[in-house]
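Every number in this text was worked out from the coordinates using simple rules, so none of it is lab data. Keep in mind the model is a prediction, meaning the values are calculated, not measured. Positions of Cβ are generated from backbone atoms using ideal geometry, with glycine treated the same way; all protein chains shown enter the neighbour counts.
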Amino acid sequence: MNIVLLGAPGAGKGTQAAKLVEEFATPHISTGDMLRAAVKAGTPLGKKAKSYMDAGELVPDDVIIGLVTERLQDADTEKGFILDGFPRTSAQAVALDAELSKLGRPLDAALLVDVDPEVIVKRLTSRRMCRDCNYIGTAADETCPKCGGEMYQRDDDNEATVRNRLDVYEKSTAPLIDYYRGCDLLVSIDGDRDPNVVYADVKKALGL
Ligand code: AP5
Ligand code: ZN
């Protein structure tokens, strides 16, 4: 399975990716998780990315394309991959196509998780994540139900930044829906239902 997860911030891409990883052990390539790990480790990449992320703006294309291209060289991705949060601009989509055609590993599908923006503002301002295993939960989770780790709120999950992320999505990323429709790869799922119901549709859409 070589897939791209598309959708607004908070649509549930990470939640659905986690279910696919649990069931199929497909490598999960989340550019957001990779960037947050770099910020936490204080690497040059993390230092460069932090101000963009805190403002809800996109990290420059060349940085992100380099990061993903490098990850796709790892042998584990030969059996498949779930790209989550990438591509986010036309330049990233074109670079991904070029890299995958070089590797001879074309995409099977671009899966759009579709959710109304006002639902998203509520979801993201109450999201909490595990510091140790990246489990995605809500304010109701006092500790991580998976590993017992500490739950925290992402710096970019405040309402003003969430609204900016939604604007950036509309302007820079939503055009990719047409791009993938044009390549006959787009599958769209209603993401505003119970996560397990959404997951059943995800599997159906991917023929799993
Ligand atoms: P990133 O980490 O990719 O953030 P995002 O796209 O904004 O997506 P999220 O992780 O916020 O949401 P999600 O769709 O995964 O939803 P989730 O499953 O967590 O990026 C962060 C930043 O990094 C960017 O702003 C940018 O600066 C930078 N960046 C990353 N990639 C980049 C790129 N390619 N180019 C440039 N810059 C890049 O769910 C959200 C909440 O809803 C959770 O609380 C969850 O429990 C809940 N939920 C999920 N599904 C459901 C459901 N069906 N019903 C009810 N609640 C649900
Ligand atoms: Zn955890």
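Grab the other residues whose beta carbon is less than 15 angstrom from that of V202, score K and R as +1, D and E as -1, and report the net. It would help to have the intermediate numbers written out before the result.
Details: positive: K13, K19, R193, K203, K204; negative: E22, E23, D84, D108, D114, D190, D192, D194, D201.
Taking every other residue near V202 into account, the sum is -4.
From the phi angles alone, apply the Karplus equation (6.51, -1.76, 1.60; θ = phi - 60°) to region 183-192 and give each ³J(HN,Hα) in whole Hz, x where the residue is Gly or Pro.
Those phi angles translate into 8, 6, 10, 6, 10, 10, 10, 6, x, 9 Hz.
Under the rule of at least 5 residues apart or a separate chain, name every residue whose amide H is placed under 5 Å from the amide H of L6.
The list, which skips near neighbours in sequence, is L111, L112, V113.
What shape does region 37-123 take by its C-alpha gyration tensor, where a ≥ b ≥ c are the square roots of the eigenvalues and a/c under 1.5 counts as rounded, a/b above b/c as prolate, and the rest as oblate? Numbers along the way, then the final one.
On the way: a/c = 1.93, a/b = 1.19, b/c = 1.62.
Because a/c hits 1.5 or more and a/b fails to exceed b/c, region 37-123 counts as oblate.
Tell me which of S51, T15, I136 sits at the most positive position along the dipole axis of the chain, charges placed on C-beta atoms (Lys, Arg +1; Asp, Glu -1).
S51
Determine which lysines satisfy two conditions relative to K13: a Cα distance under 21 Å, and not lying fewer than 8 residues away in the same chain.
K79, K122, K146, K171, K203, K204
For a quick check of your reading of the filter: which GluC sites (Glu not before Pro) in region 23-126 sit in a DSSP loop and have no more than 16 other Cβ atoms within 10 Å?
Filter output for region 23-126: E57.
Using only Cα atoms, figure out Rg for region 50-208 and give it as a multiple of 2.2 N^0.38 Å.
Numbers: Rg = 16.8 Å, N = 159, 2.2 N^0.38 = 15.1 Å.
Here the answer is 1.11, to two decimals.
Using Cα pairs closer than 8 Å and at least 6 residues apart in sequence, work out the relative contact order for the chain, in percent. Before the final figure, lay out each step's value.
Working: 301 pairs, mean separation 61.2, N = 208.
RCO, the chain: 29 percent.
Would you mind pulling out the separation of the Cα centroids of region 144-208 and region 55-131, in Å?
Using only Cα atoms to place each centre, the spacing works out to 11 Å.
How big is the charge dipole of the chain about its Cα centre, in debye rounded to the nearest 20, if each Lys and Arg gets +1 on its Cβ and each Asp and Glu gets -1 on its Cβ? Show your work: numbers first, answer last.
Numbers: 26 positive and 34 negative charges, 62 e Å.
It comes to approximately 300 debye.
Considering amide H positions built from the backbone, and no H for Pro or chain starts, which residues 5 or more places from F81, or on another chain, come under 5 Å of its amide H?
N2, I3
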